[in-house]
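To keep things clear, I will list the structure first and then write my remarks on it.
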Amino acid sequence: MSSLRLADGRILEYLVAGPESGTPLVFHHGTPFAAVLFDPMVEAAARHGLRFVIHSRPGYAGSSPQPGRTIASVAEDVAALLAELDADRFLTVGWSGGGPHALACAALLPGRCVAAATIAGAAPYSAEGLDWLEDMGAENVEEFGAATAGVEPLSAYLGAQADALAAVRGDQIAGALGDLVSEVDRRALTDDFAEYTAAAFRQAVSTGIAGWRDDDLAFITDWGFKPTEIQTPVSVWQGDQDRMVPPGHGRWLASRVPGAAVRLLPDEGHLSLVVDRIDDIFADLAARLA
């Protein structure tokens, strides 16, 4: 793990793996998650000549909190991280809660961001024509009910959930996720992927709930940019068996992000999409470099 001191004094922790000469692939983790490497992801990136880069968003693990941050705030942190790596152009991908952050990079770092992809990424909370909570698992409905009620109810809710995740093991992940896991996602929770997921959950809450809380608040407020005005090439990957970020979100993004390449997959879920398709997703992004 490396650390970068930002201009405002915050610390941003990050990991880099893969060929030093490769174009950076900036991966935005989900919510709650943190910078943890999953070997199949790193290997998939390397197969396509890409250098895998992941940071813990503010408030997660060793990254300093940034109260009041918006989705758009990530662009400045990514720009600083690229400067540290002496990189100009990059690709970016966001999984789940990382999806909006990948879109922020596409919107706010045009030219430098060659292409972006969302993997089961969330749409804006106020998206016209979208029932944001429709088909979500019960735990997400409860969590975002707390978020819309205010900081104190959300903090109380997340504090109780964090206690359960602080020592979670791989063989407990499916149970911990409860109604959020479809059958195809249960099958995806194999030993290695389950252990990776558990490790990222533990790391995410290792220093408290600030990152998780600020992610949730950022999702339900103005993102600081409009997905409908993105000019960078974007691919939208979404499974229709997803109970964490339901397919309505992917369909909304696919129909609103200008020129989006649409990858709506009928037999994939939220987790299986990563397990089964990560090489395809990275290959699709790498092809944009040409």
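The values are calculated or read from the model by the stated rules, or taken from the named source; none is laboratory data. As the structure is a computational prediction, the values presented were derived from the model and not from experiment. So basically every Cβ, Gly included, is an ideal-geometry build from the backbone, and we count neighbours across all protein chains shown. Ligands, DNA and RNA are excluded from the accessible area calculation, which covers all protein heavy atoms including side chains. Shrake-Rupley method; radii C 1.70, N 1.55, O 1.52, S 1.80 Å.
Points worth noting:
- Mean Cα-pair separation over length for segment 112-217, i.e. relative contact order, pairs under 8 Å, 6 or more apart, %: 29
- Using only the C-alpha atoms, the convex hull of segment 176-231 corresponds to 162 Å³ per residue.
- A Cα-only calculation for segment 153-264 places Rg and Dmax at 16.5, 43 Å.
- Trypsin sites (Lys or Arg not before Pro) lying in DSSP loop within segment 4-105, provided at most 14 other Cβ fall within 10 Å: Arg89
- Helix-derived mean residue ellipticity, 222 nm - over the chain, DSSP H n ≥ 4, -39500 (n - 2.57), to 500: -12000 deg cm²/dmol
- R0 of 45 Å, Cβ-Cβ distance Arg89-Glu128: FRET efficiency to nearest 0.05: 0.85
- Backbone amide hydrogens, once placed in the peptide plane, bring Leu271 within less than 5 Å of nothing, excluding anything fewer than 5 places away on its chain.
- Radius 13 Å from Cβ of Ala194, net charge of other residues (Lys, Arg +1; Asp, Glu -1): -1
- Relative to the current alpha-carbon distance between Ile11 and Glu142, full extension at 0.36 nm per residue lengthens the span by 44.0 nm.
- Principal axis extents of the C-alpha atoms in segment 69-215 (largest first, rounded to whole Å): 43, 37, 31.
- Relative to the 2.2 N^0.38 Å rule of thumb, segment 15-110 has a C-alpha radius of gyration ratio of 1.01.
- Protein accessible area in segment 180-280, 1.4 Å probe - carbon and sulfur %: 45
- About the Cα centre, charge dipole magnitude for the chain (Lys/Arg +1, Asp/Glu -1 at Cβ), debye: 740
- Between Glu229 and Arg186, the FRET efficiency from the beta-carbon distance, with R0 = 51 Å, is close to 0.85.
- For segment 27-104, the relative contact order works out to 45 percent when only alpha carbon pairs closer than 8 Å and six or more residues apart are counted.
- Rounded Å value of the spacing that divides the Cα centres of segment 103-147 and segment 28-43: 18
- Here the gap between Asp279 and Val151, fully extended at 0.36 nm per residue and compared with their Cα-Cα distance, gives a gain of 42.2 nm.
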